[in-house]
Amino acid sequence: MTFFTPKKLPKAPLLVVIITLMGAFAPMSIDLYLPAFLQIQEGLATTDSEVKKTLTLFLVGLCIGMMFYGPLSDKYGRRNIILIGATIYSLTSIASTFIANIEGLQALRLIQAIGAGACMVVGRAVIRDVFKGKQVAVMMSVVQVIMMIAPLLAPLVGVMLLYVFDSWRALFWALTFFGSMAFFLTFFFLPETYKKEERPKITIGDTFYNYFLILKDRRSLGAMLGCALPSGITFAYVTGSSYLYQAKYGLTEFEFSILFGLNIVGVIVSALLNIVCLRRFNVLTLIIFGLCWMSISGIVMLLIGGQSLIGFFLSTFLLMCVSGFIGNNIVSQIIELNYDRAGAAMALNSSTQFFVGAIASLLVTHHQELLVPVMGISGILAVIAYAGLYQPWREVRASIEK
């Protein structure tokens with residue numbers, strides 16, 4: 001894959017598109033097929049919990065892919081890792097369109113996610129290579145806003161494809177097209193952003209040892225947990241909301257996709273506000289604001305989330321729409337704390353997010369009634385972990401003393 005390499009970075013708009021595609025692998029792969037859960041269950045003659053396992057295994061695959069490909073990108077560069085990941089993703093997407101049983105789909109989703117994990121974690125490392133300082137947080141927010149179009153439109157696109165083709169298999173042809181686009185845009189337009197002379201002279205074993213060094217640092221661990229635990233909210237919701245809205249409350253696939261999309265609109269608005277607020281406030285202030293909001297919203301979820309459709313929707317909206325003030329800002333802290341190990345740091349941070357998500361998804365898969373408690377408790381735990389380990393008041397005190 002090295003016989004052709006672009007000589008320079010593409011212009012800013014195209015670069016943003018490529019990085020956004022990298023980050024959109026998970027929301028596209030997950031949200032597109034949520035409205036089809038019932039159809040997959042009927043088409044493969046299986047149970048609701050077995051269909052949900054395809055989501056849990058996808059999250060596990062993301063963890064595996066990110067854990068391995070992050071350090072490999074620090075050693076061998078970004079571009080080829082992205083190309084390998086996009087190839088794996090596209091081939092397994094094609095294979096999923098022909099699968100005849102749920103066990104085969106589960107296995108393919110696991111492998112597909114390993115490919116997606118490479119693209120997602122390395123795409124974030126590219127941001128580190130190209131941008132510096134506060135620009136990283138700003139760029140992360142810009143990419144997130146654009147990337148949120150994926151989970152906003154994906155359920156609607158999924159419903160449309162189901163209506164037009166009357167088959168859930170059409171959704172995986174759409175994912176094949178998505179993975180192929182990521183491959184060709186990277187192949188023809190994205191050069192290697194992590195030059196050989198900039199890479200640390202270490203072995204592959206040393207790159208994995210970086211994980212230990214990152215976790216050994218209390219502040220890095222606190223930042224990662226503060227960033228990862230809210231994933232329990234997102235993936236518990238993604239796993240259980242389709243059943244809750246459609247089976248319990250009797251909503252149609254289209255109505256479900258609308259309510260799902262409204263939560264994403266909240267995320268987009270908070271990410272846009274975060275970009276504006278970064279001009280006036282520092283990153284730490286916005287993180288503390290976001291986490292405090294999330295903890296209060298977690299309590300609201302525990303109190304009213306299980307009472308009615310409106311109660312669940314409102315408390316979910318409060319929990320999810322504040323994420324724009326948390327994730328990207330904490331990621332910029334993690335990069336700053338581990339600047340020379342950015343690939344490993346992004347891999348560990350992202351895989352931790354999906355590991356937490358996999359646990360939340362697994363709990364809801366086997367016990368639908370745990371949906372509300374998992375979402376509420378995840379938000380509260382994020383604040384406790386970040387405050388207890390990162391200890392942000394020390395950074396505030398240091399800035400005052402200066």
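So the values come out like this:
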quantity	calculated
Residue match in the stretch 118-132 (condition: within 22 Å of T20 (Cα to Cα), surrounded by fewer than 17 Cβ atoms within 10 Å (Cβ to Cβ), touching a residue at least 40 places away in the same chain (Cβ under 8 Å) and not charged (D, E, K, R))	yes
Qualifying residue in the stretch 141-150 (condition: in contact with a Gly (Cβ under 6 Å, 6 or more places away or on another chain), at pLDDT below 85 and of a type outside the set (V, I, T))	yes
Residue in the stretch 265-277 that is among the β-branched types (V, I, T), over 30 Å from L38 (Cα atoms) and surrounded by fewer than 16 Cβ atoms within 10 Å (Cβ to Cβ) present	yes
Close pairs (6 angstrom Cβ cut-off, 6 or more residues apart or separate chains): assigned to a helix (DSSP H, G or I) in the stretch 261-273, modelled with pLDDT of 80 or more and surrounded by fewer than 20 Cβ atoms within 10 Å (Cβ to Cβ) anywhere	N263/F317; G266/F317
Yes/no for M120 being under 13 Å from the mean Cα position of the chain (by Cα) and at pLDDT 80 or above	yes
Selection within the stretch 1-39 - assigned to a loop (DSSP other than H, G, I, E, B) and among the small types (G, A, S)	A24
Selection status of I94, surrounded by fewer than 24 Cβ atoms within 10 Å (Cβ to Cβ) and under 17 Å from T176 (Cβ atoms)	yes
Condition met for L38 (more than 17 Å from L190 (Cα to Cα), of a type in the set (A, V, I, L, M, F, W, C) and surrounded by fewer than 19 Cβ atoms within 10 Å (Cβ to Cβ))	yes
Residues of the stretch 40-81 that turn out to be in contact with a helix residue (DSSP H, G or I) (Cβ under 9 Å, 6 or more places away or on another chain), over 30 Å from K7 (Cα atoms) and acidic (D, E), as a count	2
Residue ID - nearest to R219 (Cα to Cα), chosen from residues in the stretch 274-284 that are hydrophobic (A, V, I, L, M, F, W, C) and assigned to a helix (DSSP H, G or I)	L284
Pairs, first free of Cβ contacts under 8 Å to residues at least 24 places away in the same chain in the stretch 171-183, second surrounded by fewer than 22 Cβ atoms within 10 Å (Cβ to Cβ), C-beta under 9 Å, six or more apart	F177/S90
Subset tally (residues that are outside any helix (DSSP H, G or I) and over 20 Å from the mean Cα position of the chain (by Cα)) for the stretch 40-85	5
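For every residue, the table says whether it meets (1) crowded, with 17+ Cβ neighbours inside 10 Å; (2) more than 21 Å from V138 (Cβ to Cβ); (3) within 16 Å of the chain's Cα centre (by Cα).
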{"position": "G250", "(1), (2), (3)": "no, yes, no"}
{"position": "F254", "(1), (2), (3)": "no, yes, no"}
{"position": "L291", "(1), (2), (3)": "yes, no, no"}
{"position": "T316", "(1), (2), (3)": "yes, yes, no"}
{"position": "C321", "(1), (2), (3)": "yes, no, yes"}
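Results for (1) among the β-branched types (V, I, T); (2) in contact with an Asp or Glu (Cβ under 6 Å, 6 or more places away or on another chain); (3) closer than 23 Å to T97 by Cα, shown as yes or no for each residue.
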{"position": "M160", "(1), (2), (3)": "no, no, yes"}
{"position": "F184", "(1), (2), (3)": "no, no, yes"}
{"position": "R219", "(1), (2), (3)": "no, no, no"}
{"position": "A228", "(1), (2), (3)": "no, no, no"}
{"position": "V238", "(1), (2), (3)": "yes, no, yes"}
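The values are calculated or read from the model by the stated rules, or taken from the named source; none is laboratory data. As the structure is a computational prediction, the values presented were derived from the model and not from experiment. All Cβ positions, glycine included, derive from the backbone under ideal geometry; neighbour counts span all protein chains shown.
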